[in-house]
Structure formats: C-alpha cells, structure tokens
Amino acid sequence: MDDTIDVHSHYVPRGWADLSADGGAEAPWLKVESEQDAVIMMGTREFRRIQANCWDPEARLADMDADGVRIQVVSPTPAFFNYGRTAEQAWRISRVFNDLALGIVAGAPDRLLPFCQVPLQDPDLACRELERCIANGHRGVEIGNHIGDRDLDSAGVVTFLQHCAALDIPVFVHPWDMPISPRLDRWMARWLTGMPAETHLSILALILGGAFDRIDECLKICFAHGGGSFAFWLGRMENAWHARHDVIGTSEFPPSHYIGRFHVDSVVFDGRALRLLIDTVGADRILVGSDYPYPLGERPIGDVVRKSDFLDDTARRLIGHANAERFLGLA
C-alpha cells in the first residue's frame, strides 16, 4: 500500500497568538514543555497532551514513509472549531489556525493537503472563509457534526454544503462536542460511544432531515470513523422509515436510497467491521483514514485494509487510493 492516501489526520500548530479576546477564559493555547512535547490548554484546563508530530512536517512525513502513505490530508483538531462562540469570534480564530496550517504543509505541498475550518454557525462567514482558504491553498474543509442543537440538516449548514458542492470542494465531517455525563466520564466513554453515535446521528440528519434531497448530488462529503455506528443500524433505520412513516417520513426516500451520497473512512480497526462497511456502503465509498497522530488513531496507517484478506485487488486499490483521488480532485 505504498500508494495509500490518508484522508483523516489532524494538526496542531506549535503555538499561536493570544486568542483570549475572542476565546474568553477558555481560549485555547499551547503549553510547550520541550522540543517534542506540549499540552493543548483550554484556559487553565488541560485538554490533551501532544507531541511534535502534530506540528512538525518532517516527523509526519517520516511516519508516512514508514507506513507507505503517499498523501495525507491534514485537518484541524475539532476542539478549535469554537461553534459555541459568536460567529465573528469563531471566524477570527479560524483564520489564525487556517493560516498556520499552510505553514505546516508548505514544505511538502504534493504530500500534505490542508483542509480548513470555518465558522459554521454563520453560513455567510463560513462561505467567505472557505473561499479565502481555497484561494490560499487549502484543498477542502473539515466541519463538526453539529452546532449546539442544530444538526447538519439545519438551513444554514445546508446552505454551506450546497456552496461546497457548487465549488467542488470536499467536506470531511468529524464528531465533536459529545454529550457529557458521569456515566460517560469513565473509560473515555465519550470517545468510545459518543463519537460513533454522533457520527451516526449526523448521517441520519442528512437523510431523514431531507438535506440530501435539497443538496446537489455532486457534493463530496466523508464521515470520520467509518461513519460511526451507521452501517450496523441501517436495517433498523430502514424498518423505522417504513413502519413509522408518520414520524420518520421527512426524507423523500428510505435511508438505503441515499447510500452512494457520502463516503466514510476506514478507521474501524477490525476486519469484521470493515467487511460490514463494504457490504453496506460499498468499496467505492470507503477511504483510508488514520486519525493520525492521536492515540486512538490507527498505526500503521491503513493496517486494517492491509490485513483484511477478504479484499480483492480492485477493492484494495479503491480503498487505498483511487476513491481518495476522486474525492480530493486528484484524478
């Protein structure tokens, strides 16, 4: 898999300007502890410990070479989306990170493809920042899967997604801001159960909320982590659409009709899960993803695809790089 394209990785710059004017007491900043280690801080709260592979392109490229990865999409860390702040504040914060991302990838423009972030709570500002970033060298956009209580079928998000479709800009959807409760504070349960559920819900919103009926079919949109729990529960959704059409009849067609309208990545860690994903959405709709460089990511990158002996050469080529080439506009 030396030709692998990884569509799901994240970056964190090695420091940035003071954001407290826009971020308030919980403004993100980086506590640098050494040349190799740092801590993402949210005000006085420690969010995540990270290492130099978040900001150092040489460290990233070395890992890509070791794992046989030709190209990697480099996307924002979702904690910096700031959808809970005013649109103006989120826009200014987005500009800071978007511009710093270009510096990280500048030395390897053919191998590191930056995706930007936008203030999704305001479709006009989001479209404006998207256009600025694309003009400056970004290749796509990463968005969160909801804005407070508004999901991806809300009017503003649909407007933004339609703009992406019109400009042929790929969209990567990453779960964020999962529910908090004492039950979810154990065992990283917010990440182990909340993230799959959030992604499932956002795909469901595009389908049952009728968003796919309103958005041009040319939209390129991919969901992280194998689409969450969507593949396992498609049958349940299909049954509900038919059995309770009085309350689940918003979409023009049943959920299975919309298979083919979106991609998912391969970060499912198990061949049995990958087989279900292929059976559900098709090998032509799966892209290698890693969630690099975070601890819950996959290393070596593409390992589950590499070790799944039920894949034939065509499926390996599609998942390994051909699907991503089309998604990213490289083919």
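The values are calculated or read from the model by the stated rules, or taken from the named source; none is laboratory data. Since we're looking at a predicted model, the values are computed, not measured. Every residue, glycine as well, gets a Cβ built from its backbone with ideal geometry; the counts of neighbours run over all protein chains shown.
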Residue in the stretch 267-281 that is surrounded by fewer than 20 Cβ atoms within 10 Å (Cβ to Cβ), out of contact with any Phe, Trp or Tyr (no Cβ under 6 Å at 6 or more places or on another chain) and closer than 27 Å to Gln51 by Cβ present: yes
Matching entry among Asp2, Asp18, Asp22, Asp6 (being of a type in the set (D, E, K, R) and touching a strand residue (DSSP E or B) at 6+ places or on another chain (Cβ under 6 Å)): Asp6
Whichever residue in the stretch 238-256 is small (Gly, Ala, Ser) and closer than 17 Å to His200 by Cβ and, among such residues, is surrounded by the most Cβ atoms within 10 Å (Cβ to Cβ): Ser251
Test set (1) under 20 Å from Val105 (Cα atoms); (2) in a strand (DSSP E or B); (3) at pLDDT below 95 - Phe47 fails condition number: (1)
The stretch 283-313 - residue that is surrounded by fewer than 15 Cβ atoms within 10 Å (Cβ to Cβ) and free of Cβ contacts under 8 Å to residues at least 60 places away in the same chain and, of those, nearest to the chain's Cα centre (by Cα): Pro295
Single match in Ala27, Ala38 (criterion: modelled with pLDDT of 95 or more, more than 19 Å from Gly289 (Cβ to Cβ), over 21 Å from the mean Cα position of the chain (by Cα) and not acidic (Asp, Glu)): Ala38
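Residues to consider are His200, His174; find the one that is more than 15 Å from Tyr83 (Cβ to Cβ) and either aliphatic (A, V, I, L, M) or crowded, with 16+ Cβ neighbours inside 10 Å (or both).
Numbers: His174 fails: more than 15 Å from Tyr83 (Cβ to Cβ).
The conditions single out His200.
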Residues within the stretch 210-221 that are surrounded by 14 or more Cβ atoms within 10 Å (Cβ to Cβ) and either of a type in the set (A, V, I, L, M, F, W, C) or touching a strand residue (DSSP E or B) at 6+ places or on another chain (Cβ under 7 Å) (or both), tallied: 6
Candidate set: the stretch 43-91, residues that are among the basic types (Lys, Arg) and under 21 Å from the mean Cα position of the chain (by Cα); chosen: the one surrounded by the fewest Cβ atoms within 10 Å (Cβ to Cβ): Arg49
Unmet criterion (only one of (1) at pLDDT below 95; (2) under 30 Å from Asp3 (Cβ atoms)) for Gly249: (2)
